[in-house]
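Reading through the structure tokens given below for one structure.
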Amino acid sequence: MKSLRILIGVDTYSPDVNGAARFAERLATGLARRGHDVHVVAASPSGPPGTEQWDGVTVHRVRSHRYPMHASIQITMPWEAGPATAALVEELDPDVVHVQAHFVVGRGLVNAAHRTGRPLIATNHFMPENLSAYVPVPRFLRRAVAAWAWRDLGRVFGKAGVVTAPTPRAVELLVAAGLPNAIPVSCGIDAERYHAAESGVPTVLFVGRLDQEKRVDELIRAFAALPVGLPGDLEIVGDGARRGDWSALAEELGLSERVRFRGFVTEEELVDTYARAAVFVMPGIAELQSMATLEAMAAGTPVVAAKAMALPHLVRPGHNGWLYPPGDVAELASGLAVLLAEPALRRQMGAASRTMATEHAIGTTLARFEGIYYREIDRARRVPLPTAA
């Protein structure tokens, strides 16, 4: 099949460090390596607009501004993103447009593609809980705001020919938001990059943003509740609004010598960190797939995770790890204790994790999206644009 010009719209992209940004980068660079002309439009990481080449992908940066509530975050304004994305669609004339969010950049691109009748695909990585650290909402309003957010997403993504989400559970949320034809497509990982390595003291690992919905405080409390004398350290990779609070909690519980907050690390350091881990823990309650969990599994690591959202798609209790009820610190501590005390069980469950992770190969994900692109392009050719009345 012929190569395509693909325009991917994202509100967060490298050098940002989060699951959505990392997936968008893997998608863009993977498609470029398969011979496509790939363009990404994203917020500028520093403010001024511009264009750059990034690992075979042309990245178009939209002017952004520092978000006053979080100094490390840049946001775009609708009155700037709308015209900028419309101009890019006109200039590039893409064969297909694929948006990764329905916020500012994504919304502008959706409107531009829909208005000009171009094939449009949308992928959702959003849950209202993901914004709790960035847009504080009083507790009594959270349910109403979440319902409005889902309706808004449904209105924007309803303009797309195909809507995807990473897991069947994530698709259920889209169906409830008024998108009945949404389909699951895994974000995919390059499983071959990850490996296991021998280490000394067993390490319990968490990787992710340090924001409230990740519930790392529960992990710290569970670690403190482990039987006295059971060897193990806790390593926390990532940064966020709650890092200071959770660091103080570790000190309060007498864990300063056994808990290490590493902040952001390079991709190479992250691969090595996964390799050394004895157990991976994901206590988050708003995971539509959890790339960090998949990456840990690819490194042959057993997983203890909250029984919430899409995490049960990745953890089969007794096979590659354990699930526990969110908030049940004692149950989380129990699962950790079993794995830390039994190296043979860790190896057995880690091997099962590795096998399960291979089912999410990035090559399969890229092929799925290519198939969707070609079908939507073909459908667009057979459906004429509506004429003005």
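The values are calculated or read from the model by the stated rules, or taken from the named source; none is laboratory data. These numbers come from a predicted model, not from an experiment. Positions of Cβ are generated from backbone atoms using ideal geometry, with glycine treated the same way; all protein chains shown enter the neighbour counts.
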Subset of region 20-29 (residues that are touching a residue at least 60 places away in the same chain (Cβ under 8 Å) and either out of contact with any helix residue (DSSP H, G or I) (no Cβ under 9 Å at 6 or more places or on another chain) or crowded, with 22+ Cβ neighbours inside 10 Å (or both)): Ala20, Phe23, Ala24, Leu27
Positions within region 321-360 being part of a helix (DSSP H, G or I), in contact (Cβ under 8 Å) with a residue 24 or more places away in the chain, within 16 Å of Glu218 (Cβ to Cβ) and of a type outside the set (Gly, Ala, Ser), in sequence order: Val329, Leu332, Leu336
Region 35-59 residues that are more than 14 Å from Ser14 (Cα to Cα), paired with ones that are assigned to a loop (DSSP other than H, G, I, E, B) and among the hydroxyl-bearing types (Ser, Thr, Tyr) (beta carbon under 9 Å, 6 or more apart): Gly35/Ser3; His36/Ser3; Asp37/Ser3; Gly47/Ser64; Pro48/Ser64; Pro49/Ser64; Gly50/Ser44
Scope region 160-218; condition farther than 21 Å from His98 by Cα and polar (S, T, N, Q); matching residues: Ser199, Thr203, Gln212
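Here's the yes/no breakdown for (1) under 16 Å from Met127 (Cα atoms); (2) assigned to a helix (DSSP H, G or I); (3) at pLDDT below 95; (4) not assigned by TED's automatic domain parsing to the domain that holds Thr355:
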position	(1), (2), (3), (4)
Leu173	yes, yes, yes, yes
Asn181	no, no, yes, yes
Val201	no, no, yes, no
Leu205	no, no, no, no
Glu213	yes, yes, yes, no
Phe223	no, yes, no, no
Leu226	no, no, no, no
Pro231	no, no, yes, no
Single unsatisfied condition, Arg66 versus (1) in contact with an Asp or Glu (Cβ under 9 Å, 6 or more places away or on another chain); (2) within 15 Å of Asp16 (Cα to Cα): (1)
Any hit, region 167-177, residues being under 24 Å from Val156 (Cβ atoms) and in contact with a His (Cβ under 6 Å, 6 or more places away or on another chain): yes
Members of region 356-376 found to be closer than 17 Å to Leu120 by Cβ and among the acidic types (Asp, Glu), listed by number: Glu370, Glu376
Unique match (being in contact (Cβ under 8 Å) with a residue 12 or more places away in the chain, under 17 Å from Ala330 (Cα atoms) and surrounded by fewer than 21 Cβ atoms within 10 Å (Cβ to Cβ)) among Asp217, Asp233, Asp239, Asp245: Asp217
Among (1) within 17 Å of Met356 (Cα to Cα); (2) touching a Ser or Thr at 6+ places or on another chain (Cβ under 7 Å); (3) buried (at least 24 other Cβ atoms within 10 Å of the Cβ) - the single one His313 does not satisfy: (3)
Residue selected from region 1-17 under the condition surrounded by 18 or more Cβ atoms within 10 Å (Cβ to Cβ) and not aliphatic (A, V, I, L, M), by the criterion nearest to Val89 (Cα to Cα): Gly9
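Residue check: is Pro83 loosely packed, with under 14 Cβ neighbours inside 10 Å, assigned to a loop (DSSP other than H, G, I, E, B) and out of contact with any helix residue (DSSP H, G or I) (no Cβ under 6 Å at 6 or more places or on another chain)?
Numbers: loosely packed, with under 14 Cβ neighbours inside 10 Å: yes; assigned to a loop (DSSP other than H, G, I, E, B): no; out of contact with any helix residue (DSSP H, G or I) (no Cβ under 6 Å at 6 or more places or on another chain): yes.
So Pro83 does not fit the description; no.
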Phe264 being surrounded by fewer than 17 Cβ atoms within 10 Å (Cβ to Cβ), not basic (Lys, Arg) and not assigned by TED's automatic domain parsing to the domain that holds Pro128: yes
Hey, Leu288 in a loop (DSSP other than H, G, I, E, B), crowded, with 21+ Cβ neighbours inside 10 Å and not charged (D, E, K, R) or not: yes
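Hey, can you tell me all the residues within region 233-260 that are hydrophobic (A, V, I, L, M, F, W, C) and within 26 Å of Phe126 (Cα to Cα)?
Selection gives Ile236, Val237, Ala241, Trp246.
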When residues of region 327-340 are limited to those that are surrounded by fewer than 18 Cβ atoms within 10 Å (Cβ to Cβ) and within 25 Å of the chain's Cα centre (by Cα), the one nearest to Asn124 (Cα to Cα): Gly327
Options Arg243, Arg221; residue that is among the basic types (Lys, Arg) and within 20 Å of Leu336 (Cα to Cα): Arg221
